[in-house]
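> For reference, the structure I am asking about is given below.
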Amino acid sequence: LEAVPRELAAEITRELRIPTIGIGAGPDCDGQVLVLHDILGLAFTPLPKFARRYAQLGEIISGAVRQYCRDVRSGGFPSDAESYHAPRAKEEKEAPVNMDGDW
């Protein structure tokens, strides 16, 4: 039951022999659902009346992306430590084999 008056949801729940799940239908339903993006604060639009934000991860994510962009533009990312390197050639090469028997 989505976005229906609480009283109506309660009446429907009482009348049905199957469970009701509410999203914006008040606390009298048998179960509740809430969109994860609303719970975590990932939506940048106003929340519906029945949604509750439990975290502000959208702001944290936006800040992290802005910092990443600044680091890339300034040349601070990736650093040398965050880069792969070609393997180094052996410092000492093996002596060539002399096929003439002269050593």
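The values are calculated or read from the model by the stated rules, or taken from the named source; none is laboratory data. What you see is a predicted model, and the numbers here were worked out from it, not measured in a lab. For neighbour counting, all protein chains shown are included, and Cβ atoms are generated from backbone atoms with ideal geometry for every residue, glycine included. Note: areas computed on protein heavy atoms with side chains; ligands, DNA, RNA excluded. Shrake-Rupley method; radii C 1.70, N 1.55, O 1.52, S 1.80 Å.
> If you put +1 on each Lys and Arg Cβ and -1 on each Asp and Glu Cβ, how big is the dipole of segment 6-77 around its Cα centre, in Debye rounded to 20?
For this selection, approximately 380 debye.
> For segment 6-77, calculate the relative contact order in percent as a whole number, restricting contacts to Cα pairs under 8 Å that are 6 or more residues apart.
Relative CO of segment 6-77 lands at 20 percent.
> When only DSSP loop residues count, what trypsin sites (Lys or Arg not before Pro) in segment 1-66 have their Cβ near at most 12 other Cβ atoms within 10 Å?
Those satisfying the criteria are Arg17, Lys49, Arg52.
> Turning to a different aspect of this structure: Find, among the chymotrypsin sites (Phe, Trp or Tyr not before Pro) in segment 4-90, those assigned to loop by DSSP (not H, G, I, E, B) with at most 12 other beta-carbon atoms within 10 angstrom.
Of the chymotrypsin sites (Phe, Trp or Tyr not before Pro), the ones in loops of segment 4-90 whose Cβ has at most 12 other Cβ atoms within 10 Å are Phe44, Tyr54, Tyr84.
> Using the Karplus equation 6.51 cos²θ - 1.76 cosθ + 1.60 (θ = phi - 60°), what ³J(HN,Hα) coupling, rounded to whole Hz, does each residue of segment 73-87 give in order, writing x for Gly and Pro?
5, 7, x, x, 9, x, 7, 4, 5, 9, 10, 7, 10, 5, x
> Based on the alpha-carbon gyration tensor of the chain and its eigenvalue square roots a ≥ b ≥ c, which shape applies: rounded if a/c is under 1.5, prolate if not and a/b is larger than b/c, or oblate?
Since a/c reaches 1.5 but b/c is at least a/b, the shape of the chain is classed as oblate.
> Still on this structure: With all protein chains present, calculate the accessible area of Asp80 using a 1.4 Å probe and round the result to the nearest 10 Å².
Answer for Asp80: close to 110 Å² accessible.
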